[in-house]
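The values are calculated or read from the model by the stated rules, or taken from the named source; none is laboratory data. Since this is a predicted model, take the numbers as computed values, not measurements. When we count neighbours, we look across all protein chains shown, and the Cβ atoms used for this are built from the backbone with ideal geometry, even at glycine. SASA here: full protein model, heavy atoms, side chains in, ligands and nucleic acids out. Shrake-Rupley method; radii C 1.70, N 1.55, O 1.52, S 1.80 Å.
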There are 2 protein chains.
Amino acid sequence: MQNSLSISDSDGSSFVHLVVLELAKNTEAEAITWLLSRIRDKQKNGGAELLVEQLPLEGQQKENPNIFLVGSTWQRLLTGAEDMGLFKEFHDGTMRGFTNANRDSFKEFHGDGDGFLSVAECQYIIKHELDTLRAKDETHVPGYPKLRLYPGKSVIRRLQSKGILVQYFPVHDKEELKRLSSDWYKKIKLSFQPLDDIRHYFGEGLALYFGFLEYFTFALVPMALIGIPYYLFDWEDYDKYVLFAVFNLVWSTVFLEVWKRCSAQLAYGWGTLSRKKAFEEPRPGFHGVLGLNPVTGREEPTYSHAKRQMRIYLVSLPFVLLCLYISLHVMMIYFSMETWALSIYDEDPNLLTSVLLFIPSIIYAVVIELMNLLYRYAAEFLTNWENHRLESSFQNHLVLKVLVFNFINCFASLFYIAFVMQDMALLRHSLATLLITSQILNQVMEAFLPYWLQRRRNKKVHKRVRRVMGDQELPMVEQVQLERDMNTYLGTFDDYLEQFLLFGYVSLFSCVYPLAAVLVVLNNVTEVYSDAFKMCHVFKRPFSEPASDIGVWQLAFETMSIIAVFTNCALIGLSPQVQAYFPEADTQLILTVVAVEHVLLAFKFILAFIIPDVPKHIRIKLAKLEFESLEALKKKKMLEAAEISKTKK
Amino acid sequence: MQNSLSISDSDGSSFVHLVVLELAKNTEAEAITWLLSRIRDKQKNGGAELLVEQLPLEGQQKENPNIFLVGSTWQRLLTGAEDMGLFKEFHDGTMRGFTNANRDSFKEFHGDGDGFLSVAECQYIIKHELDTLRAKDETHVPGYPKLRLYPGKSVIRRLQSKGILVQYFPVHDKEELKRLSSDWYKKIKLSFQPLDDIRHYFGEGLALYFGFLEYFTFALVPMALIGIPYYLFDWEDYDKYVLFAVFNLVWSTVFLEVWKRCSAQLAYGWGTLSRKKAFEEPRPGFHGVLGLNPVTGREEPTYSHAKRQMRIYLVSLPFVLLCLYISLHVMMIYFSMETWALSIYDEDPNLLTSVLLFIPSIIYAVVIELMNLLYRYAAEFLTNWENHRLESSFQNHLVLKVLVFNFINCFASLFYIAFVMQDMALLRHSLATLLITSQILNQVMEAFLPYWLQRRRNKKVHKRVRRVMGDQELPMVEQVQLERDMNTYLGTFDDYLEQFLLFGYVSLFSCVYPLAAVLVVLNNVTEVYSDAFKMCHVFKRPFSEPASDIGVWQLAFETMSIIAVFTNCALIGLSPQVQAYFPEADTQLILTVVAVEHVLLAFKFILAFIIPDVPKHIRIKLAKLEFESLEALKKKKMLEAAEISKTKK
């Protein structure tokens, strides 16, 4: 822990502000007093036992005064770490659940434990403690007679879903951020990303994303290296691409299997691999009739499973199918426009008609972007309306909806060109256009545009501050005011989605356009920098998210690699070289291709089955831990039995 | 627990004999004394704390005198149950790990716990305690200076692998067996098998086999019902079988998914679903250089992973492939013999040549049986030689080897007839022959032949006893002598293998021969009786085997159902009805069939993904248990924290 954020144990006087809590401007004073007292109350009384104080505002009447800073004592944080089952490194190099009782056996635990937990961990613990602050015997929020509370209900989630709690977020640590960003992206250098530092600052979820991004990019390098001579030496007569397709298939399988091992390795070192998931609370937006939860026995809103299934299968599913149909229809219109433009150009080739040639593509690109945007809103609305109880289930349904639509939107036209029109030159051309434009667009939209908007706002604040304080560091009050207005990072969804689509371009079609891998590598190298930059300077600091793998995305990438088997085999079948082997019988050709496809699929599954998901040295460590706990239990039991027999005598 | 087996707590005087331990006839007296003292020794001294006495032999000098009877006190059994983490029904209907501390909260726990554990459970506990009896500071087995021991090494396994311990097995409980067999197979009736009683007597592994057998048979009934009219009303012109094939595919997927739920339900009720696997000991046959186990830190034989992989991939795999090749070669010889016999018959059709027509089939059947037998020995030898450390890994490798070979042996000729010869009439004929002959052969070989051999032996013993005692029940001594000579039940392997092959006949080809399901149903109805009979009267009682599912067989059946998609689609493509739709273009037909196949495969995976593996009410019970233990832990922590803060003040 840095000097700038050291936490003082002295009661109430001054403490390091880790989390900002912003209530609505017009919140009743009574509710505020109640909330603060609940946050400060001792744990044994059902409070969160955290430190909290109001953000001092000097003469800025326009601003919202209801901003609070939350911190904690060290002892409380350690207790919280134990409650949450945080895994830390033990003195023997294994990862173990932290307990206060044997805290001195953990590596890097010195004295009172100052600096033992990273700031991100501290902030996550505070978030967890706030989230699990539960209503006791209050029937409603004081000052809001209509805002009912039930015993055991999370107070924060209730306030958040009713708009009284506007937001709560962890503050940036300027010094550490400066150090991290200089290691990460400030110098252009040939080295790995500082994943451990990223995890230290942003948590495991984000660090795994950057780890995956890096791994994916490195994995593409051999492919890119093979692709360049293909491109340079004019091997474009599709003749050599059978070899490339086979390489492609083996690569995509091995790539995903090895990533599982890498991610297990990373997650083990970060203590999230063997950590048990905490009991999941209902998501804030979940509503329903009050009933009994069969698991916890607590009163909470319940919503019938059958009703949700009805909504999913009778509304969402048909809607998604309709959207897919519309998307395909738009694609067909694009192709006919393209033909029409081409026919006009052929009739009278002049400047005007040659410009006309670009019109369909531009219209189509704009329409696709618009459809994506609209669909995204619709998908979020529908998934929300399906009223999932758990955030994880909500996320899975949203991801599935968005993925399917994006997949069709991006790849349908390529499939059409490849397998219906069978025009490989056009396919190559379209691939190149798509890859290059999406690369440029993405990075501008993702990082530079928001940053530019941000800067304009910040400058005003900076100016005002400078007028008062000169060239000093921004004080806490101003920093909070600034960060409060920054955009909220909505999670790794869009970042993974982009990688997913890039993976699709490479694995599905790169045998036709071997340069695809090169373009993706170039894209990802800049992506690392722009993503790093946007995390550090464009968005509010996100709460760290413990993750042991990349979750549903592993499945998505694996599905894509299975689809890649189909397309690559079909492309092999369409190659003139292969077709030359079967000069007369088309049936023979097709049967052979199908047979090869089945063998490749079987090979893929066997390979996935044979390669263990967790590296051996980590499996041994995990087994060791389990064995030791079993032995300890046995010893304890035996001692107890001896105790009993003694007392009997 | 029955009167005949009630266990007395009084020290040493008389106790119920649960397990028989047979040492070699020429075992050194010193070794016997040592072993018995180790078994009787207190747990705190590292002993098993069990009761043991020698089987009294009256004047039968020829017999082996080194037979011992092992039993236990109730308290010892309850401690053992707790050590092993046995799950029993709690008073609120959930299943929980048994602990002595709150034993009175378990259903059916009365008084001292007499009758709380079933005899099978008691015997399993004794087996476990014997297996985990470890060497202390002995360097070798007394009386055998060459038989070295290392601290922590299982004594029983060491003695067993060196042949000093001939066998150990649980004794039958005549009264309970009589009751079980009358419920199970003695009356012919239309009702379910008494699975709970089977589990009670034989353990979960065997009960799951019988549960699967019953489930499979019932699942086949709709298929059999549809198959009969197909057969009766001469729908044999392959025209209707497209419908049947599609039904077949959906059925086989749903069948396996629903079985997972049923097996989870059964395993939950039996307490094996959520029970943690015990730490697995090396199998008795495992040998290697003495080294340190990285997990336990104990000295034990180690064998290099690379060496084992070499043996697997450089010896076993080529050998298996060679065997497969030979099997296919033999098949081709059979087909040419068949053609040759047919040509002779065609030239001169008389009685002699018509008999000759059967010769190839008979020779082929005999050769197949012989190859199966030889291969089985070879597979066991090779898997043993691969020197797997764990029994589970040994079993998996053995199952895989045997499965692949049996699959090829049974189905290769059918595939050849279906897809190379494309002779559906012959396919139907071969299927019927195979099904009927294998059915009859199996049941004779499996149950009736061994029983007949057994009876002949038993009669002699019975006669001798009757001469002495008249018509009374067999005394313990005689019973042990009898059971000692019974065959050992080698596990459910062969029983599952038979069901696997039957499932193959039905799912792969039944669209061509709809009567297959009917034949399999008939087979399985009698199979239940013959298997039940053989378990009760032909084999030694096996130790109960805790199992939460059917293990590797689930995977085997699922693989078969995937192969079924390929064959059924191909059969659909070959049907004249479908071919009539594509009168000119073969390519169109093949592409359509391939597309249908891919859609069906995708549908299969989605279905398997959507159907939850564990029924909802059991998931809720499991979640409840987890939630409660989390809450209890939290409470404990909070109390501890309060305690600490109190002492500080």
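Tell me the per residue accessible area of the protein assembly as shown using a 1.4 Å probe; a whole number in Å² is fine.
Details: 63890 Å² over 1298 residues.
For the protein assembly as shown, the solvent-accessible area averages 49 Å² per residue.
Please list, by residue number, every one of the GluC sites (Glu not before Pro) in segment B:270-370 that is coil in DSSP and has at most 16 other beta-carbon atoms within 10 Å.
Numbers: sites: B:Glu280, B:Glu299, B:Glu338, B:Glu347, B:Glu369; in loops: B:Glu280.
Filter output for segment B:270-370: B:Glu280.
Just to confirm the numbers: B:Tyr231, label point 7 angstrom along the Cα-Cβ line, distances to the other copies in nm, shortest first?
Inter-copy label distances (nm, one decimal, shortest first): 6.5.
Could you work out the Rg to Rh ratio of the protein assembly as shown, with Rh taken as the Kirkwood radius (inverse of the mean 1/r over all Cα pairs)? Spell out each step's value before the answer.
Values: Rg = 36.2 Å, Rh = 36.5 Å.
So for the protein assembly as shown, dividing Rg by the Kirkwood Rh gives 0.99.
At a temperature of 10 °C and a viscosity of 1.306 mPa s, determine how fast segment A:476-538 diffuses translationally according to Stokes-Einstein, using the Kirkwood radius over alpha-carbon pairs as Rh; express D in µm²/s, rounded to the nearest whole number.
On the way: Rh = 13.9 Å.
Once the numbers are plugged in, D ends up at 114 µm²/s.
Taking 30 Å² as the minimum loss, tell me which residues in segment A:20-45 lose that much accessible area going from the chain by itself to the full protein complex (1.4 Å probe).
Residues shielded by partner chains are A:Gln43, A:Lys44.
Are any of the pairs A:Lys636/B:Lys25; B:Lys25/B:Lys540; A:Lys604/B:Lys534; B:Lys25/B:Lys174; A:Lys136/B:Lys624 more than 31 Å apart by Cα-Cα distance, and if so, which?
Details: A:Lys636/B:Lys25 40 Å; B:Lys25/B:Lys540 20 Å; A:Lys604/B:Lys534 42 Å; B:Lys25/B:Lys174 28 Å; A:Lys136/B:Lys624 22 Å.
As for pairs spanning more than 31 Å Cα to Cα, those are A:Lys636/B:Lys25; A:Lys604/B:Lys534.
In segment B:534-574, how does Rg compare with the Kirkwood Rh, expressed as the Rg/Rh ratio over alpha carbon atoms? Working shown, then result.
On the way: Rg = 18.0 Å, Rh = 13.5 Å.
Ratio value, two decimals: 1.33.
Relative contact order of chain B: what whole-number percent is it, with Cα pairs under 8 angstrom and at least 6 residues apart? Show your work: numbers first, answer last.
Values: 725 pairs, mean separation 120.0, N = 649.
Over chain B, the number comes to 18 percent.
Helix B:493-509: angle to the longest alpha-carbon principal axis of chain B, degrees 0 to 90, nearest 10?
Around 20 degrees separate the two axes.
Using the C-alpha atoms of segment B:482-581, what convex hull volume per residue, in cubic angstrom, is computed?
Working: hull volume 10.3 nm³, N = 100.
It comes to 103 Å³ per residue, whole-number rounded.
Count the net charge of all other residues whose Cβ sits under 13 Å from the Cβ of A:Glu597, scoring Lys and Arg as +1 and Asp and Glu as -1. Can you show the working numbers first?
Values: positive: A:Lys604; negative: B:Glu597.
Here the count lands on 0.
Compute the Kirkwood hydrodynamic radius of chain B, taking the inverse of the mean of 1/r over all pairs of distinct Cα atoms, and give it in Å to one decimal.
Details: mean 1/r = 0.0351 Å⁻¹.
Mean inverse Cα-Cα distance, inverted, gives 28.5 Å.
Using square roots of five times the C-alpha gyration tensor eigenvalues, list the equivalent-ellipsoid semi-axes of segment A:151-201 in whole Å, biggest first. Display every interim value, and only then the final one.
Details: eigenvalues 285, 29, 16 Å².
The answer is 38, 12, 9 Å, longest axis first.
Over all Cα pairs of segment B:244-356, how is the pair count split among 10 Å bins, expressed in % and running from 0 up to the last occupied bin?
Bins of 10 Å from zero give 10, 14, 13, 26, 18, 11, 6, 1 percent of pairs.
Where q = 0.14, 0.20, 0.21 Å⁻¹, what log10 of I(q)/I(0) comes from the Debye formula for segment B:84-242, counting one point per Cα?
Computed log10 I(q)/I(0) values: -0.95, -1.26, -1.30.
For chain A, give the percent of accessible area contributed by carbon and sulfur heavy atoms, probe 1.4 Å, rounded to a whole number.
63 percent
Chains A and B: buried accessible surface, both sides, probe 1.4 Å, rounded to 100 Å²?
Numbers: alone 33390 and 33420 Å², together 63890 Å².
Summing both chains' loss of accessible area gives about 2900 Å².
Can you tell me what the convex hull of the Cα atoms of segment A:67-149 projects to on average, as an area in nm²? Write out the running numbers ahead of the final one.
Details: hull surface 28.4 nm².
It is 7.1 nm².
Assume the label is 7 Å from Cα along Cα to beta carbon: what separations in nm does B:Glu391 have to the matching positions in the other copies?
So the label point of B:Glu391 gives 4.5 nm to the other copies.
Just the Kirkwood number for segment B:257-314, please: inverse of mean 1/r across all distinct Cα pairs, in Å, one decimal. List each step's numbers first, then the result.
Numbers: mean 1/r = 0.0671 Å⁻¹.
That comes to 14.9 Å for segment B:257-314.
Peptide A:590-603: average number of partner chain Cβ atoms within 10 Å per residue? Walk me through the numbers before you get to the answer.
Details: counts 7, 3, 0, 2, 7, 0, 0, 2, 3, 0, 0, 2, 3, 0.
Per residue, the average neighbour count from other chains is 2.
Nearest 500 deg cm²/dmol is fine: what mean residue ellipticity at 222 nm does chain B get from its DSSP H runs of n ≥ 4 alone, each adding -39,500 (n - 2.57), divided by its residue count? It would help to have the intermediate numbers written out before the result.
Working: 22 runs with 385 residues, N = 649.
Result for chain B: -20000 deg cm²/dmol, rounded to the nearest 500.
Peptides B:319-332, A:591-604, A:501-514: what's the order by average Cβ count within 10 Å, highest mean first? Walk me through the intermediate numbers first.
Numbers: B:319-332: 14.9, A:591-604: 16.6, A:501-514: 25.6.
Ranked by mean Cβ neighbours within 10 Å, highest first: A:501-514, A:591-604, B:319-332.
What is the packing order of peptides B:26-32, B:118-124, A:250-256, taking the mean over residues of other C-beta atoms within 10 Å and listing the highest first? Show your work: numbers first, answer last.
On the way: B:26-32: 14.7, B:118-124: 23.6, A:250-256: 19.7.
Most protected by this proxy first, the peptides run B:118-124, A:250-256, B:26-32.
So for segment B:311-385, what percent of the C-alpha to C-alpha distances run longer than 21 Å? Mind showing how you got there, number by number?
Details: 1218 of 2775 pairs.
Tail of the P(r) past 21 Å holds 44 percent of the pairs.
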